[in-house]
Amino acid sequence: MNNTKRTISLVSTITIMVLLMALVSGCGQVTQASLNGGKTNKQSETITVLAEKHPWTTAIQPYIPEFEKQTGIKVNLMILSEQQQRDKSLMTLQAKSPDIDVFMSLKSLEGLAYEKAGFYEDLDKYIRDAKLTPADYKVNDFMKGPFDGERIEGKLVGIPIIVEGPVVFYRKDLFAQYNIPIPKTLNDLVRAAQTVEQKSKGRIYGVALRGLAPAVSYTFGTFFHNMGLEWFDSNGNLNFNKPGAVKAIDTYCTLAAKYGPPGAVNNNFYQSSSLFAQGKVAMEIDASNELASITDPNNSKVIGKIGVFPIPAGPGGNHPTVLQWGISMSAYSQHKDAAWEFIRWATSPDMQLKLALKGIASPRSSTWENTQFKASLRDATKKEWAKTLEFIMKNGNPEVGPPAIKEAAVRQVIGNNIDKVMLGSETPQQAADAIQQGVTEVIKQ
Amino acid sequence: MHHPRLRKAKSNDLIAAFLMVSPAIVFTLAMIIFPIGYALFLSLTKWVPGSSVTQFVGLSNFRRMLGDHVFWLSFRVTMILFIACLLLETIIGIYLGILLSKDLPGQKVLQAVILIPSIIASVAIGMMWIQILDPTLGFANYLLSIGGLKPLAWLANPGTVLQSLIIIDVWQWSPFMALIITGGMRTLPSEPFEAALIDGANKWQIFRFVTLPLLRPVIMVAILLRSVDLVRFFDTVYIMTQGGPNNASMTLNVYSYLQGFNYMDMSYGSAIMLFLLLLVILISLVITKLRRRMS
Amino acid sequence: MQNKRYYVGAYVQYIILALAFLGPVLWMVSSSFKNNVDITAYPPVILFKPTLNNYLNLFRVYPFGQYILNSFIITGFSTLLGLILGVPAAYAIARFRLNSIALLSLLARMAPGVLFLIPWYIISTSLHISSNDFADYLSLILAHCVITMPLVVWLMISYFESIPIDTEESAVIDGCSRWGLFFRIALPLSLPGLAVSTVLSFIFSWNYFLFALALANNATMPLTVIAFNFIGEGSADWGGLMAASTIISLPALILTIFAQKLLIKGLTAGAIKG
């Protein structure tokens, strides 16, 4: 029996080795063959656009057949959720695969790493070429903030498609009922949240904001900047060792832990929006895009009672976080001209206006001055929303977190320590110290 | 064994066994050798996204691992989840498996029904439990409030997040164990039970001295298969907490994923993944050793 | 009297178990017929006006039929392939006690899924530059086979081992070859095991999303990857998610119900053996 066993094992191993070698050499040949074949086969062009499940994508999707008809280019639109879209783009680009031609990319998050990796096609040469970009594209129409945000280390790596930023959504009816003025400072904001909790006898929470560690920086950033602090000082050292940083953490965590819903530490945008839409909180601090969610009659019980204002100023003024999404071209695309045609079409003044009418905040100034667009801001909520966004775009700070190649790791450190304060296991001072040390370590890695 | 036909059959057996086993081996090796080799290669280099130049750094990724407190934390969390879930799921699985092997009317319905949690896609499981366990709007706290109990923060409290994950996992995977065990119950011979009954054994004695020993091989396989998945705890954490709050639910698998994909450090991520692979292999070896010793 | 108490006891347990395991599922299914605003409502809305919109939207907004078909193609073939590769291997392993090979086959299942993503992606990219759907399906089926095959091997080993050797030896004396033993004796006797293996392989393959994320394109994307797309910035479609989840769960549920017959059949096979 034992002999049988040994023989089988031995024979199996040898055969498998031979088979594997045959397989590997076979694969090599296939690769060669298909590489040669790929170039000649170019009758009708198809480009693949990798997009996130995002309001912009939903808005532009119905217009894509128009583009296909106009240009004869077929668009293969692949839509994935945020996390998965990022995984997919990283995988594809890392393999230097031509499978993706155009992709949505968040420059404030992966921009630096992707640019260093050489994943982005340089778009300057397309935009400067009059043949590829006719004058009616109006490059100068893009607002400086979002457009510069698509520039990394001097190179244009994307074209902005939508502008957003953290804002405060609030319940007008509750503010009137409890006699709360619109907060002018961060201290007012805390007081407003406190008043809501006191006067509603704890029935309604003051404010819902993000606690989920990777997501915190987006909303926390404005608190930090409003203390008069950039992420780094002029010597390139992190600014978390300043008293303002401690104050920012303290304010943010007071709001979340004292006047926020229980368990805010695990909350991301959708939990906050559910709470707000159900009328359980008086304020929600989250992305301007959440307006769509909380004003959707299918979702919300508080329609018609919603107002919007910017996160109020702190001792250092008001520098709200502004974030732009952009579409970029893969450096490994084999249909670059077609890809550029798509990008140009999707970001043209005409298309951006059409999308703006569907609630997509445009990065082009002409859209905001357009009478048709202005007329579309009928109800009070929409008007306040637009006013807030304009304020953000004018005064915005585009750095969502301290810029780094390992941006997500940096934000995780910040988020984790803010969470510790929310949970009461660290003081704001300890958290600031830990962030100062932790982020510096991550950047060094 | 000494029958002439048996001996002749033996040489044919060799060929037959080889033919039976080799497709599976070829497939396994072809699919996993390259990935594991690639991970090993990555773990010894400093990975820079996009770059094809490789810089070997020796064991420094592994050294970094040893000094990384989040790594040790996630090791601890992984082991807690592994042991707690495995224990509860095995016990509940055996109980369910035996209950379901009785041919009562309605047994079929129940068997199909309790298997549903294992069937639902993990995304749905995760998102569903996020809603149910929401501290303010969730159904779970509603039930507690009806019972006059204080609401809990569930996933949002470092002190309760693991318990919540364990509850969800036990709910999701005990039926999986039960299904394997029911299958085993159905292949058991009936004589030992009859003999035990004649000897006047009570229910507990039959279970302890007849059912359990006979079921042991099947139970061990169920344990082995579940262990391999439990040590790689991923889906629900990835969807519900991302390892939070404050790393309280960070498992090795999630941590290596975050390092590799989110923090774009494939080298370090690979090092953690290889450690995890080693851990899984080790645990499986221990279980197979136990299995052999018992049979 | 004894009998009656036995029945009552068993059914009390049935009801408690059904409630415990089915409760959250009921919540999911009922949510799939609710508006979003009712899904997140507190206190929970028990009585509501059911709507089919969530389901209709799935097919209106997404090519949901295509996703369902993709899931069936990937899962069906990977389960089949897993059985073809795994069952004979398990038999040989059980009969010749090839424990090291058994462990090797499990190795594929031991490795964290993330580990495969980039290497496989590199291979599949280099194999199908022009990215055709057939190659895509094939790579997905092979990838999912990494999930199904080890499961089949390990489950079947234990079922094969529980078949007494003497049953086979008498057949050998009657002139049966090893393949004959496998097909005519071992396989029929382990039908319940086969049913369990099929059901579990199907479920695991059906629910796995990570490989498809790496290897699928638009046309070959299965259901589970799409299930992530319901909760995004500016649109949290809880109803859509719950409806999609309900649909995703259905095929495996139906399969389980069908496999019950096989499980019972196995019982009679066991009786013959006894």
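Each value in this text was obtained by applying a stated rule to the coordinates, not by laboratory testing. Quick caveat, the model's predicted, so the values are computed rather than measured. Cβ sites come from the backbone with ideal geometry, for glycine too, and all protein chains shown count toward neighbours.
A few remarks follow.
- When each full DSSP H helix of chain B is screened for a Cα extent of at least 30 Å along its own axis and an average Kyte-Doolittle hydropathy of at least -0.5, the helices passing are B:4-43, B:69-100, B:161-187, B:266-294.
- Dividing the alpha-carbon radius of gyration of chain A by the rule-of-thumb value 2.2 N^0.38 Å gives 1.14.
- Here is the list for segment A:103-142: trypsin sites (Lys or Arg not before Pro) lying in DSSP coil, each with at most 16 other C-beta atoms within 10 angstrom of its C-beta, are A:131, A:138.
- Prolate/oblate/rounded label for segment B:65-294 (Cα gyration tensor, a/c 1.5): oblate
- Take each residue of peptide C:11-17, count the partner chain Cβ atoms within 10 Å of its Cβ, and average: the result is 4.
- Sites residue B:54 and residue C:133 - FRET efficiency at Förster radius 22 Å, r taken between beta-carbons, to 0.05: 0.05
- Between the amide H of residue A:76 and those of A:47, A:48, A:49, distances stay under 5 Å, these residues lying 5 or more places away or on another chain, with hydrogens modeled in the peptide plane.
- For peptide A:291-298, the mean count of partner chain Cβ atoms within 10 Å of a residue's Cβ comes to 4.
- Rel. contact order, % - alpha carbon contacts under 8 angstrom, at least six apart, chain B: 26
- Label-point separation, residue C:29 to residue B:146 (7 Å along Cα→Cβ), nm: 1.8
- Under a 5 Å amide H cut-off, with hydrogens placed 1.01 Å from N, residue A:397 pairs with A:321, A:322 among residues at least 5 apart or on other chains.
- Antiparallel content of DSSP bridges confined to the protein assembly as shown, in %, to 5: 65
- Between the helical axis of C:114-127 and the longest alpha-carbon principal axis of chain C there is an angle of about 90 degrees.
- Axis angle, to the nearest 10 degrees, between helix A:407-423 and the longest C-alpha principal axis of chain A: 40 degrees.
- Cα gyration tensor, chain C - rounded (a/c under 1.5), prolate or oblate: oblate
- Estimated translational D of segment A:241-284 in µm²/s (Stokes, Kirkwood radius over Cα pairs; 37 °C; 0.692 mPa s): 287
- Separation of the alpha carbons by more than 25 angstrom is noted, of A:280/A:394; A:107/A:172; A:382/C:49; A:107/A:138; A:155/A:406, for A:280/A:394; A:107/A:172; A:382/C:49.
- Principal-axis analysis of the Cα atoms of chain C puts helix C:238-273 at an angle of about 20° to the longest axis.
- Mean residue ellipticity (222 nm) of the protein assembly as shown, computed from DSSP H runs ≥ 4 via -39,500 (n - 2.57), nearest 500: -20000 deg cm²/dmol
- Exercise: per-residue mean of other protein chain Cβ atoms within 10 Å, B:152-162: 4
- For segment C:1-82, a/c is not less than 1.5, where a ≥ b ≥ c are the root eigenvalues of the C-alpha gyration tensor, and a/b does not top b/c. That puts it in the oblate class.
- Between segment A:95-146 and segment B:33-88, the alpha-carbon centres lie 34 Å apart.
- Alpha-carbon centroid distance for the pair segment A:413-445 / segment A:332-409, whole angstrom: 33
- Under a Gaussian network description of chain B, with springs only between Cα atoms under 10 Å, the residue in B:259, B:163, B:107 that fluctuates furthest is B:107.
- For chain C, relative contact order (Cα pairs under 8 Å, six or more residues apart, normalised by length) works out to 29 percent.
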